[in-house]
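Read the structure below first, then the notes.
The values are calculated or read from the model by the stated rules, or taken from the named source; none is laboratory data. Quick caveat, the model's predicted, so the values are computed rather than measured. Glycine also receives a Cβ, built like all others from the backbone with ideal geometry; neighbour counts cover every protein chain displayed. These accessible areas exclude ligands, DNA and RNA; they are computed on the full protein's heavy atoms, side chains included. Shrake-Rupley method; radii C 1.70, N 1.55, O 1.52, S 1.80 Å.
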Amino acid sequence: MKRVTLFVNGTSSNGKVVALYGSLTDLLSVASSKLGIRASSVYNGTGGLIDDITLIRDDDVLYVSEGDSFDDASKTKCADPRDDPGCPDWFQTHTDWLTLNVGGCCFTTTRSTLVSKEPASMLAHMFRDKDVWGNKQDSQGAYLIDRSPGYFEPILNYLRHGQLIINDGINPLGVLEEARFFGIEQLAEQLENLIKSSQPADDHSPLTRKEFVRFLLATPTKSELRCQGLNFSGADLSRLDLRYINFKMANLRAANLTHANLSGANLERADLSSACLDGANLQGVKMLCSNAEGASLRGCNFEDPAGVKANMEGANLKGVDMEGSQMTGINLRVATLKNAKLKNCNLRGATLAGTDLEVNTHTHTHKTPLKHSSLPLFLPLSLRTVTCLGVIYRKLTFGAPT
């Protein structure tokens with residue numbers, strides 16, 4: 001919205017500031033009401049007759065007549081309002097036009113535009129009082145400002161009408177830097193909010209089953225589906241075909257993976273704590289350094305007929321329930337299985353070098369989590385320490401299970 005100041009033709013006092021809208025006829029109607037005359041003509045400050053409202057700019061000073069010709073009030077009141085101290089300050093600032101040469105691009109505006117909207121800004125200090133800052137001028141008299149014209153234009157328009165409007169192709173970050181440079185704090189705050197609202201929010205909410213199924217259906221079966229680092233916390237992924245999917249460093253905490261097919265999947269450093277994988281197919285799965293503390297893996301199958309061994313080296317399996325799981329040939333090197341339940345597990349041919357199998361020493365022998373487990377026929381000599389039921393076995397070679 002533009003605003004203009006209206007005077008009766010031939011006067012420079014008792015002006016009225018009005019909003020500019022609609023057509024020239026609307027302006028004449030408002031002028032008649034505000035000034036108490038029968039307005040029929042509008043002139044600019046130099047006597048030019050205005051016949052199109054689009055020619056009027058924000059903060060223009062206009063003279064309204066009842067049909068008589070333009071009467072230049074400045075010739076009788078103030079020969080040069082900029083130099084005559086007898087003229088009112090308000091009249092001087094509103095009629096004092098100046099040109100700014102910003103980075104080689106010239107902008108014409110009024111002194112009032114630069115000082116009124118943001119009186120504490122650098123521009124207001126530069127142009128409130130003449131020559132106080134010693135502003136440099138080019139050969140045409142335009143004041144030189146070494147800033148980007150593309151970013152300056154939205155700032156000047158904001159000072160004219162108070163609205164933040166940025167054309168396509170102008171980066172709001174550049175306008176923000178200019179607003180900060182000129183000390184226009186209110187505009188800088190608006191720009192910060194605009195930039196923040198235009199950026200996508202950091203959405204860390206877990207993916208749902210519906211969303212993930214869409215991904216699965218849109219991905220060719222022979223293409224690798226990368227889910228690295230995604231959040232599936234608490235998601236229901238039960239009974240889905242998840243073969244060979246990359247879940248590296250994904251958050252699968254408390255996820256439901258019951259009877260899911262994770263054959264060949266990469267779960268390296270994934271968080272599977274408190275997840276349920278009962279009955280899942282884990283043939284050839286890669287779970288290096290994963291965190292499965294407190295998870296349930298009852299009745300899982302880790303044995304791949306093709307000979308690809310599941311790798312859980314360095315995994316955190318504290319308190320894991322793996323009862324009845326087929327774990328032939330699995331690599332549990334330096335994994336932690338403290339208080340894990342391994343009842344009826346088949347660990348034949350498993351690599352347990354450095355594995356911590358410590359369980360609660362206060363647990364009664366007949367309740368040991370290793371009850372009925374099938375241990376490897378041979379543990380390699382690289383096995384340094386295996387702790388089970390509080391007893392330390394060193395360089396132990398197991399015979400046939402009893």
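Pull out a ≥ b ≥ c, the square roots of the eigenvalues of the alpha-carbon gyration tensor of region 226-275, then state rounded if a/c is under 1.5, prolate if not and a/b is larger than b/c, and oblate in the remaining case. Verdict is oblate for region 226-275. Residues whose amide H lies under 5 Å from that of residue 144, counting only those 5 or more places away or on a different chain, are 101, 136, 137, 138; hydrogens are built 1.01 Å from N in the peptide plane. For residue 41, the residues 5 or more places off, or on other chains, whose built amide H falls under 5 Å of its own are 65, 67.
Each residue of region 159-166 is assigned a 3J(HN,Hα), and the resulting list reads 5, 6, 10, x, 10, 8, 10, 10 Hz, derived from the Karplus form 6.51 cos²θ - 1.76 cosθ + 1.60 (θ = phi - 60°), x at Gly and Pro.
Longer than 26 Å from Cα to Cα, which of 210/341; 248/343; 248/318 are they? Say none if no pair is.
Listed pairs above 26 Å: 210/341; 248/343.
Taking packing as the residue-averaged number of other Cβ atoms within 10 angstrom, the listed peptides 237-244, 102-109, 285-292 run from highest to lowest as 285-292, 237-244, 102-109. The listed peptides 345-358, 114-127, ordered by packing as a protection proxy, come out as 345-358, 114-127 (highest mean of other Cβ atoms within 10 Å first).
Ordered by 1.4 Å accessible area with all protein chains kept, 21, 151, 158, 143 run largest first as 21, 151, 143, 158. If R0 is taken as 41 Å, the Cβ-Cβ distance between residue 44 and residue 181 corresponds to a FRET efficiency of 0.80.
Sorting the segments 41-47, 294-300, 165-171 by their mean number of nearby beta carbons within 10 angstrom, highest to lowest, gives 294-300, 41-47, 165-171. Karplus-derived 3J(HN,Hα) values for region 273-290, using 6.51 cos²θ - 1.76 cosθ + 1.60 with θ = phi - 60°, are 4, 6, 7, 10, 10, 4, x, 6, 8, 10, 4, x, 5, 10, 10, 4, 6, 6 Hz; glycine and proline are entered as x.
Determine by what factor the alpha-carbon radius of gyration of region 218-339 differs from 2.2 N^0.38 Å, reporting the quotient.
0.94
The length gained on full extension between residue 334 and residue 144, counted as 0.36 nm times the residue separation minus their Cα-Cα distance, comes to 61.3 nm. Can you tell me which aspartates and glutamates have their Cα less than 14 Å from the Cα of residue 117? Leave out same-chain residues fewer than eight positions away. Filter leaves 58, 59, 185.
Taking all protein chains together and rolling a 1.4 Å probe, residue 252 ends up with roughly 0 Å² accessible.
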